[in-house]
Amino acid sequence: MHIRVGCEMIYDCPQPTPMVLMLNVHYTRASNLITPDFVVTDPPVPVVGYRDSYGNWCSRIVAPAGRIRISTNALLYDTGEPDPVVPTARQTPVQNLPSDVLLFLMGSRYCETDRLSQTAWDLFGRTPEGWGRVQAICDFVHNHITFGYEHARPTKTAHDAFVEGKGVCRDYAHLAVAFCRCMNIPARYCTGYIGDIGVPVSESPMDFAGWFEAYLDGRWYSFDPRNLVPRIGRILMGQGRDAADVPLTNSFGPATLASFKVWTDEVPAP
């Protein structure tokens, strides 16, 4: 199938403001691009790209004083298959993990393994290792947190989400990531697009989504404690330790978001 994805953000800046944008499709999906996902600004300003330490593609701009429109619009090929489910995937002992995966066992800004370790072992210590344990974590998080945009705040951590029992998709992902790491399962935070393909259409405006990947049996698998069911058309944009590593926009000065739109739609193939 073909999927069109993109976004439009309008900012008001009282002065020239440097910004870093993470709005491109992840390099692992680059071969699926039918039309490129250029970052376009209005008024036009120079856009300089670079790859961060996690492999995410980022763009640097200096937004001029006044209003600026930042947008992307791309067409991708997708297999149309839902997220893979492999109940037999095993947990890799820590001593056998690749060195570059160990980072995703550590605590991070929004995933406080030190504060959640005992809770994790109390909740999941008797669950089957591997896929079954990650799924048990996702089931718990899905049922424990009540979703609502009014519960979002930029400082909310995994521990906060556990105590408060409410949040948005990034809070679901942060809590599941923290629990996985506490159970010696590497986990990394992901952000990107998830449309309403193959599921009832949501009445809420389209938004970017947060989920996570767990390392099992030598590879990374997607898990989504917010939606809980495998989804079609999941399109990765960025991944890191937690949301602090994958902000969609990062402004180094005052910038007020005046408008925000996201789209991800299946389109007929020619």
task = Could you check the stretch 186-270 for strands (runs of 3 or more DSSP E) lying wholly inside it with 2 or more residues that are crowded, with 23+ Cβ neighbours inside 10 Å and either under 17 Å from the mean Cα position of the chain (by Cα) or of a type in the set (Gly, Ala, Ser) (or both)?
result = 187-193, 209-216, 235-240
request  = Tell me which residues, restricted to the stretch 157-184, are out of contact with any strand residue (DSSP E or B) (no Cβ under 6 Å at 6 or more places or on another chain) and among the charged types (D, E, K, R).
outcome  = ASP160, GLU164, ASP171
key: Conditions (1) within 24 Å of ASN250 (Cβ to Cβ); (2) out of contact with any Phe, Trp or Tyr (no Cβ under 6 Å at 6 or more places or on another chain): number failed by GLN135   = (1)
ask   = If VAL20 passes every condition in (1) among the hydrophobic types (A, V, I, L, M, F, W, C); (2) part of a loop (DSSP other than H, G, I, E, B); (3) farther than 20 Å from ILE194 by Cβ but one, which one does it miss?
value = (2)
request  = Just one of (1) more than 24 Å from ALA243 (Cα to Cα); (2) more than 19 Å from the chain's Cα centre (by Cα) trips up ARG60, so point out which.
outcome  = (1)
Strands (runs of 3 or more DSSP E) lying entirely in the stretch 26-144 (those with 3 or more residues that are without any contact (Cβ under 8 Å) to a residue 12 or more places away in the chain, touching a strand residue (DSSP E or B) at 6+ places or on another chain (Cβ under 9 Å) and buried (at least 18 other Cβ atoms within 10 Å of the Cβ)) = none
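Could you identify the single residue in THR119, THR146 that is at pLDDT 95 or above, farther than 30 Å from VAL39 by Cα and out of contact with any Gly (no Cβ under 8 Å at 6 or more places or on another chain)? Show your work before the answer.
Working: THR146 fails: out of contact with any Gly (no Cβ under 8 Å at 6 or more places or on another chain).
The conditions single out THR119.
The values are calculated or read from the model by the stated rules, or taken from the named source; none is laboratory data. Values in this document were obtained by computation on a predicted structure and should not be read as measured data. Neighbour counts run over all protein chains shown; Cβ positions are idealised from the backbone, glycine included.
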